[in-house]
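**Student:** Take this structure, written in structure tokens, and hold onto it; I'll ask about it next.
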Amino acid sequence: MRAATAVGLLCAMPALAQQEADPEAVAAMTRAIEEAGCVVTVENGDEIMAASGLAPEQVNAVIAQLYASGALTLQQDSSAKLTNEACP
């Protein structure tokens, strides 16, 4: 269920992009996504959220910030791809 929430958040990113995320929270989520192969899907969303150790409110702000920065992009298959040094 949380994975569906994560994917839903990705669709709502423009509205959420105004939130500020703690840099440590961004780093934790980035590491979790990198460890999952750089892609967030419905299938692995719960695992990524658990691995990040973040509360749901933190996840909202982090995902919004990653989306707004262009580091996380929504793909046609409704997954989200992280692009950074570790995830080209």
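**Student:** Quick one: count up the residues across the range 64-88 that are in contact with a Leu (Cβ under 6 Å, 6 or more places away or on another chain), without any contact (Cβ under 8 Å) to a residue 60 or more places away in the chain and farther than 12 Å from Ile33 by Cβ.
**Tutor:** 1
**Student:** Let me ask something additional. Do you know which residues across the range 47-68 are of a type outside the set (A, V, I, L, M), at pLDDT 95 or above and more than 11 Å from the chain's Cα centre (by Cα)?
**Tutor:** Glu47, Gly53
**Student:** For Ala17, state whether it is at pLDDT 95 or above, closer than 21 Å to Asn84 by Cβ and either over 9 Å from the mean Cα position of the chain (by Cα) or among the aliphatic types (A, V, I, L, M) (or both).
**Tutor:** On the way: at pLDDT 95 or above: no; closer than 21 Å to Asn84 by Cβ: yes; either over 9 Å from the mean Cα position of the chain (by Cα) or among the aliphatic types (A, V, I, L, M) (or both): yes.
So Ala17 does not fit the description; no.
**Student:** Still on this structure, please answer the following. Got a number for residues in the range 19-52 being among the β-branched types (Val, Ile, Thr) and out of contact with any helix residue (DSSP H, G or I) (no Cβ under 7 Å at 6 or more places or on another chain)?
**Tutor:** Filtering the range 19-52 for residues among the β-branched types (Val, Ile, Thr) gives 26, 30, 33, 39-42, 48.
Right, trim to out of contact with any helix residue (DSSP H, G or I) (no Cβ under 7 Å at 6 or more places or on another chain) and you get 30, 39, 41.
Going through the range 19-52 one residue at a time, the tally reaches 3.
**Student:** If you scan the range 35-62, which residues turn out to be surrounded by 15 or more Cβ atoms within 10 Å (Cβ to Cβ) and within 16 Å of Cys87 (Cα to Cα)?
**Tutor:** Ala36, Cys38, Val39, Val40, Thr41, Ile48
**Student:** Something else now. For the range 63-70, does any single residue satisfy the condition of being loosely packed, with under 15 Cβ neighbours inside 10 Å, part of a helix (DSSP H, G or I) and not basic (Lys, Arg)? Walk me through it before giving the result.
**Tutor:** Let us first name the residues in the range 63-70 that are loosely packed, with under 15 Cβ neighbours inside 10 Å, namely 69-70.
Next cut, part of a helix (DSSP H, G or I) only: 69.
From what's left, not basic (Lys, Arg): 69.
Scanning the range 63-70, I find at least one residue that is loosely packed, with under 15 Cβ neighbours inside 10 Å, part of a helix (DSSP H, G or I) and not basic (Lys, Arg), so the answer is yes.
**Student:** On to the next question. Could you tell me which numbered condition Leu82 fails, if it satisfies all but one of (1) in contact with a strand residue (DSSP E or B) (Cβ under 8 Å, 6 or more places away or on another chain); (2) over 15 Å from Ala27 (Cβ atoms)?
**Tutor:** If we test Leu82 against (1) in contact with a strand residue (DSSP E or B) (Cβ under 8 Å, 6 or more places away or on another chain); (2) over 15 Å from Ala27 (Cβ atoms), just (2) comes out false.
The values are calculated or read from the model by the stated rules, or taken from the named source; none is laboratory data. Since we're looking at a predicted model, the values are computed, not measured. All Cβ positions, glycine included, derive from the backbone under ideal geometry; neighbour counts span all protein chains shown.
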